[in-house]
Amino acid sequence: MAVYEANRAPGDRASAPGYGDATEIGWENSLRLGQDVRFVLVAVGGGAIRIGREIARRHVRHLETVAINCDPKVQGFDEFDRRVYLGPDSGTDVDTGGSPYVGGTLARAAEPVLERIFRGAHFVIVVGSLGGGAGSGAFPFVLDVAARHSEVVSAFVVKPFRCEAERRALADRAIGRLPFLESFGDKKERGLASLQTLDNESLIGRQGRLPFRRVTEHWADVIETHIEKSFLAPAEAILETVQLSPRSVPIAESTPVEMPAIVVGPVPLPASPEIPPILPAAHGAASEVELTFEIEGPAAPTTPR
């Protein structure tokens, strides 16, 4: 079993606005969003990769993008920073035949590559299009590896339309198993992970008939909004707060900088019009600074009478 991995050239990746820029907080040479603090978007399966390509084309600041699929065409999607092809070492193309078992087997064989991608990541967004071999089979394994090696994880799963009855049923079974993934389930219990279903069928009632391209753009908008409000804006705000705080102090280049401690509550729904409140606290000494912020979800809905 072999895994194909391709990386975008550093020059291309640095062209994303804000990618790797030093953050002006007094130790800008030590802590940079996009490098020292990593935000990673991973798309698994054909439908998810279409959404991921749409987001990647927007050059969201500080965001790394990864595409993972059992289809060798993934090698040519150079909008992504990394493309991982799960395939046999024979050099022949693989067809999962829609089998989650085959997709899962290929993903397990790729574990060393997946660990390299997620190791050291702080905020990870994993998108999976369920109903096929890669989405329903590889996605759960990718999600669990992401939860094992990162700090905070948001998972989005795309359900097929109702007319795709067999694929939709397969998607439902896959969704039912996700809470039982060991690493992801543990993080979810501690408030460091969230799971949201993006149901294609729900768009019909709200927006009528949509071109397929518009469906992709709609879910890309939802996920990009989530990344901005739940991850990027809070991270930038807490660093700016430390910069302006009289208690913040510069750190010598020789002093190791630890990642901020992150406490995340229920991740707000992407459609929420409110930016989640940020509660920063900086505790500084001459040799170390610890940052803590909390993202709170929307208030629970009241029970109808």
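Since every read-out is calculated from the coordinates, none of them should be taken as a lab result. Note that the structure is a prediction, hence the values are computed from the model and not measured.
Under 30 Å between alpha carbons, and skipping anything fewer than 8 positions from Lys73 in its own chain: which lysines qualify?
The reachable lysines, counting only those whose Cα sits under 30 Å from Lys73, are Lys159.
Between Ala165 and Ala233, 0.36 nm times their residue separation minus their Cα-Cα distance comes to what?
Extending this stretch completely gives an extra 20.6 nm.
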